[in-house]
Amino acid sequence: MDACVDQAEIIYLLMDRRFLQPYLLLACALIVFAVLTWPVWSWLWGEWMANDYYSHGVLIPLVSLFLAVQRLRNDKGVQFSPPQQTWPGLLLLGISLAFYLYFYNDKAYYLAAFAMIGLIAGLVWSFAGRPITQKLLFPLLYLALMVPLPFVDRVTLPLALFTGVCAGEMVRILGLDVTIVGNSVTLPNADLVIGAQCSGINSLIALTSLMALAAYLLDGPLWGRLTLVATAIPLAILGNILRVASLLFVARSYGAEAAFVYYHDYSGFVFFVGVIALMFPLTRLLQARTFRLEVI
């Protein structure tokens, strides 16, 4: 008898227009969002596939979605209720939509991508409320790391020159005869050119994304987790300097072809893994030793 009553209540709710209206409105909003933002998603996909600096970008939406689902599943403080429109969320949605249309019309796709993240936040706030939006704040902000920035190319050459100078001084102290003028490197047996590919900017961007994720997942004082994120830049630069220095030693010992054709291809991955390995003692030093179970 109770089962029949429960089934009757479910059927009544499904037939109740007031119950279905928020869900229908949410479905329509998601469809409109998908249609509006499809060109920007297509642009992002093209950048992820062609831009070596942001090849990791394809993983960011998947990681953000996973973090959001896990937070909603494991956080006991999350309470679900039928979708209801909130004015602050609708305001954020309207402002983000205005910026999105403006930037998209101006073909500033990377700015339109940031506005699209605002649209996602506005949808969550509008239909799920502020408490759940606060719970999902990091997964929403983490999406910003998927957007390729156009000015990254402008810093690659200066960073490569800085790396070359530091690596040259390091190997000179260790006894290697090397002369560096601008981006030209002269060894006794080879003449090399330090290009943008030696900047290490791809490792810097990927490591920053990884450190930000680790800071979110780990439990510890706020200052320690923020410091963990901040160390991504110096660690990436140091790892790249060591890599270029080792490349100069290989070029001196085995020739430029061995250094740039063979060693150059896999050394970046090896040194990146080495830098990641430094995270383990670093997290202990910053008192961020355990995981936050409510977000995993």
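Things to note:
- Those residues of the stretch 254-281 which are closer than 20 Å to L192 by Cβ and of a type in the set (F, W, Y), in sequence order: Y254, F260, Y262, Y263, Y266, F271
- Just so you know, in the stretch 46-66 the residues that are aromatic (F, W, Y) and surrounded by 15 or more Cβ atoms within 10 Å (Cβ to Cβ) include one that is nearest to the chain's Cα centre (by Cα), and it is Y54.
- Residue, farthest from P139 (Cα to Cα), within the stretch 260-273, restricted to residues that are within 20 Å of the chain's Cα centre (by Cα) and surrounded by fewer than 17 Cβ atoms within 10 Å (Cβ to Cβ): F269
- Of the residues making up the stretch 49-79, those that are in contact (Cβ under 8 Å) with a residue 12 or more places away in the chain and either at positive phi or of a type in the set (F, W, Y) (or both) number 2.
- Residue within the stretch 150-172 that is in the same structural domain as F269 (by TED's automatic domain parsing), without any contact (Cβ under 8 Å) to a residue 60 or more places away in the chain, in a loop (DSSP other than H, G, I, E, B) and of a type in the set (A, V, I, L, M) present: no
- Among the conditions (1) surrounded by 19 or more Cβ atoms within 10 Å (Cβ to Cβ); (2) in the same structural domain as L26 (by TED's automatic domain parsing), the only one that L111 does not satisfy is (1).
- No other residue among G268, G274 is of a type outside the set (D, E), assigned to a helix (DSSP H, G or I) and modelled with pLDDT of 85 or more apart from G274.
- Looking across L204, L282, one residue alone is in contact with a helix residue (DSSP H, G or I) (Cβ under 6 Å, 6 or more places away or on another chain), within 29 Å of G168 (Cα to Cα) and of a type outside the set (S, T, N, Q). It is L204.
- Of all residues in the stretch 130-147, those satisfying the criterion of being over 25 Å from N202 (Cα atoms) and crowded, with 19+ Cβ neighbours inside 10 Å are I132, T133, K135, L136.
- Within the stretch 127-149, being without any contact (Cβ under 8 Å) to a residue 60 or more places away in the chain, in a helix (DSSP H, G or I) and closer than 28 Å to W43 by Cα holds for T133, L137, L141, A144.
The values are calculated or read from the model by the stated rules, or taken from the named source; none is laboratory data. What you see is a predicted model, and the numbers here were worked out from it, not measured in a lab. Here the Cβ is made from the backbone with ideal geometry for all residues, glycine too, and neighbour counts use every protein chain on show.
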